[in-house]
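Nothing in this text is a laboratory measurement; each read-out follows from the coordinates by a stated rule. Predicted model, so just to flag it, every value in this text is computed and none were measured. Neighbour counts run over all protein chains shown; Cβ positions are idealised from the backbone, glycine included.
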Amino acid sequence: MSNESHDCKQGEDRNPNQKMKKQEAHSKQRNLSRFTFHVLRFTFYTLFALLLVYTVPSTDARTIGVGSKRFTESYVLGEIAKKLLEDAGYRVELKQGMGGTIIVWEALKNGDIAMYPDYTGTIQETILKSATPMTSEQMRSALAEHGIGMTGELGFNNTYALAMRRTDAETRNIRKISDLQNHPDIKMGLTHEFLERADGWEPLSQRYGLQNKPRGMEHALAYVALNNAEIDLMDAYSTDAKLAEYDLTVLEDDLHFFPKYNAVFLYRLDTDYAAIDAIRGMEGKIDEGLMIRLNAEAERTKDFAAGASLYFTEVENRTVKVTSESFVSKLTRWTGRHLMLVGISMAIAILVSIPLGIRASRPGILSQIIIGVPGVMQTVPSLALLALLVPVPWLGISPTTAIVALFLYSLLPIVRNTATGLQNIPTPLRESATALGLEPSAQLTKVYLPMASRTILTGIKTSAIINVGTATLAALIGAGGLGEPIISGLALNDAEVILQGAIPAALLAILVQVCFDALDRLLIPRGLRLEEASQQAAARE
Amino acid sequence: MNETKIALRDVEMRFGDVIALHSTNLQVEAGQTTVLIGPSGCGKSTILRLIIGLLTPTSGAVEFEGVPVSQGNILALRRRMGYVIQDGGLFPHLTAAQNVTLMARHLQPPLPEDEIQAKLDELCELTYFPKDGLARYAVELSGGQRQRVSLMRALALDPDVLLLDEPLGALDPMVRASLQTELKEIFNRLGKTVLLVTHDMAEAGYIGDSIVLMREGHVLQQGTLDDLRERPADDFVSEFITAQRSLVQL
């Protein structure tokens with residue numbers, strides 16, 4: 001007789017003990033799966049609640065959304081508007097650094113925000129797309145067609161300007177833009193917006209007959225590049241605090257190419273009259289000199305609210321502490337929003353991808369399409385995907401758009417791993433499941449999916465980690481999250497602020513990884529882990 | 001005793017141009033152990049797979065108790081048959097006990113827990129499987145133990161028919177010999193209809209009441225070992241039997 005019969009006798013001798021142990025193990029396992037079930041259910045309800053909270057629009061009529069573009073001055077004007085509105089009794093939802101002109105304008109039209117600061121030149125060229133100069137009356141009536149109103153001018157002209165290092169300009173003897181004609185070797189770094197604008201580089205170079213080949217770069221980075229002599233000339237705004245800081249000189253626009261960029265606030269015509277009135281308190285109060293000081297104050301203290309405080313000191317001669325949010329509060333808000341974006345997009349991606357992956361595990365052309373489409377989606381740069389989604393009806397500048405983009409990005413790893421996991425189940429095991437008399441649906445739920453669970457979980461983990469990183473881009477369309485400080489930091493050219501977002505985002509990605517490793521122990525049947533370990537051991541031999 | 005449990009009526013199985021089984025008639029008697037034997041590729045496994053419905057015949061019909069097997073009744077029929085394959089086919093994410101009780105718990109309504117436990121105890125005893133192995137996963141079991149668990153799983157719903165496809169094929173000779181003894185004893189005790197595939201003539205002669213010798217998709221002869229030995233249907237039958245002489249005869 002074989003050894004195995006010996007085993008059996010011993011087993012029988014120890015029978016009562018064994019049985020108890022077995023039952024214990026059994027109930028432990030059942031408790032574990034019940035625990036897992038509760039965790040999953042709790043997660044689901046939490047996500048659902050978050051979804052509701054975020055979908056149901058705030059019905060508080062006294063809340064006003066104020067937006068700003070992504071540069072210091074716009075942030076500071078946003079903070080001043082916030083304080084003025086709060087003094088008038090409003091609650092303010094300040095959405096700082098939402099993006100470029102088009103993004104903030106769309107947000108205004110959609111009603112995501114009620115007002116934001118802009119410039120007459122931008123309104124005429126970029127928003128109303130008029131080739132000829134317009135009077136403010138013409139602008140007002142054109143804007144009214146979109147349901148938008150415009151305040152009076154705030155008092156300063158922040159026009160485009162071309163700036164060079166003062167010493168460099170003196171050495172080369174360049175004072176005016178037309179002097180550049182004799183210097184085609186000058187390296188130019190221009191903002192992407194300036195390169196594309198109807199009153200930007202193209203017509204400027206034609207008017208002045210310039211041959212230089214500029215390259216596009218982020219505004220704040222261009223200052224650094226200019227200071228390090230990596231470039232010799234950049235486009236700037238005439239109220240930039242950095243002009244003084246870096247000792248730059250602004251070239252004279254001797255052919256009067258640049259239109260006037262007088263600062264105004266744009267607002268929705270359905271905004272409370274009292275709120276508009278509060279904002280109009282700024283009209284005519286800020287000249288170029290003051291604006292440069294406010295910008296400088298904000299950049300010196302790395303706090304936009306400090307710039308706003310200076311406004312109240314200088315203009316209203318009162319000391320107002322425009323309180324900036326504490327770091328902990330901001331971090332909590334960013335992280336909370338980040339987790340919401342990741343959580344909701346991942347939950348939907350999981351619910352959609354697993355059924356798709358199951359379908360894609362079968363042979364056929366449809367399966368190739370199911371794998372192929374998310375695959376193509378993943379090759380679209382995330383920034384481009386966001387930009388492509390913004391014009392889609394119902395999306396626009398909102399967290400929904402960010403969630404849709406993150407969802408689309410998260411599909412592929414889950415779909416592919418689900419399909420692969422199922423395809424890798426050996427035929428004899430498939431046939432065993434069939435031969436037992438399990439219905440096809442039970443074969444899937446009791447055998448195939450549990451056997452593929454490890455591969456599927458790995459796909460979800462991959463998605464989640466990519467998702468946490470990509471979600472920082474949500475801030476580009478005003479959807480918040482840990483990308484917010486990264487973008488502000490870029491605007492301020494301040495590495496510390498960038499790190500306030502970058503470090504928590506990286507930690508979050510690591511945390512996600514750790515959580516999934518723990519989940520692997522909790523959710524994956526021990527038999528599969530043992531099997532993998534033994535296969536690895538065999539492979540080593 | 002001489003009632004037909006399963007019958008193949010002019011069953012032919014083709015895969016494209018390849019004929020795995022030429023038009024075949026075969027009767028499996030109830031309560032007997034029938035052994036399908038022949039060289040590899042002779043179609044013996046194909047017959048088991050046709051009966052359990054993993055394959056659908058290209059023409060002809062498989063009958064179970066006189067009723068043709070169809071899409072409509074195959075699910076119920078599979079639960080009246082147990083199927084064991086060469087390396088056991090145990091699901092790696094389940095313990096031995098969970099593999100065995102999978103169907104009993106899946107049925108609507110499921111069997112009562114005490115009945116399931118009693119059945120487990122009974123099956124452990126029948127197959128000489130140590131009870132402390134029940135909580136183990138397939139990777140933690142030896143090849144012989146895996147086949148015992150696979151047999152327990154096949155017997156869990158107390159089926160009328162057992163289909164075994166080279167159940168001892170992957171085992172080393174010592175374990176194989178002892179399991180042959182145990183299998184014969186188990187079959188005798190249970191009195192179930194058994195259809196076993198093997199390529200080992202000694203195993204067939206030892207375990208089988210009736211032997212079906214096959215070659216290249218044809219059934220050459222069906223009968224007892226003595227029938228095949230004394231009255232071979234053709235030269236191949238006698239060649240096949242003598243080619244597998246045992247060491248004892250040397």
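Data overview
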item: Whole-number percent relative contact order across region A:160-250, with pairs defined as alpha carbons under 8 Å at least 6 apart; result: 48 percent
item: Crossing angle, helix A:304-315 versus chain A [Cα axis fit, 0-90 degrees, rounded to tens]; result: 30 degrees
item: Around A:T313: net Lys/Arg minus Asp/Glu count, Cβ-Cβ under 11 Å; result: 0
item: Cα gyration tensor category, rounded, prolate or oblate, for region B:60-189 with a/c compared to 1.5; result: oblate
item: Above-threshold pairs, the threshold being 25 Å between Cα atoms, out of A:K83/A:K260; A:K242/A:K285; A:K95/A:K213; result: A:K83/A:K260; A:K95/A:K213
item: Shape of region A:191-270, Cα gyration tensor, a/c cut at 1.5; result: oblate
item: Helix-only mean residue ellipticity at 222 nm for the protein assembly as shown, each DSSP H run of n ≥ 4 adding -39500 (n - 2.57), per residue, nearest 500; result: -16500 deg cm²/dmol
item: Residue order, fewest to most beta carbons within 10 Å, for B:K44, A:K330; result: A:K330, B:K44
item: Residue-count net charge about A:I486 - beta-carbon cut-off 14 Å; Lys, Arg +1, Asp, Glu -1; result: -1
item: Segments B:8-20, A:284-296 sorted - mean Cβ within 10 Å per residue, highest first; result: A:284-296, B:8-20
item: Which of A:T313, A:T335 has the fewest Cβ neighbours within 10 Å, and the rest in rising order; result: A:T313, A:T335
item: Average beta carbon contacts from partner chains per residue of A:520-530, 10 Å cutoff; result: 4
item: Taking A:F304, B:F236, B:F91, B:F64 and counting other C-beta atoms within 10 Å, the order from fewest to most; result: B:F236, B:F64, B:F91, A:F304
item: Extended-chain gain in nm, criterion 0.36 nm per residue less alpha-carbon gap, B:T242 and B:D227; result: 4.0 nm
item: Anisotropy class of chain B from Cα gyration tensor, a/c 1.5 cut; result: oblate
item: Shielding of B:124-137 by partner chains, average beta-carbon count, 10 Å; result: 6
item: Principal-axis tilt of helix A:526-540 within chain A, Cα atoms, nearest 10 degrees; result: 90 degrees
item: Cβ neighbours within 10 Å from other chains - mean over B:77-83; result: 3
item: Antiparallel DSSP beta bridges within chain A, percent to nearest 5; result: 60 percent
item: Two-site label geometry, B:R80 and A:L530: point separation in nm, points 7 Å out along Cα→Cβ; result: 3.6 nm
item: Local net charge near B:V28, Cβ-Cβ under 12 Å (Lys/Arg +1, Asp/Glu -1); result: -4
item: Burial order of peptide ranges A:454-467, A:67-80, B:164-177, A:143-156 (average beta-carbon count within 10 Å, highest first); result: A:67-80, A:454-467, B:164-177, A:143-156
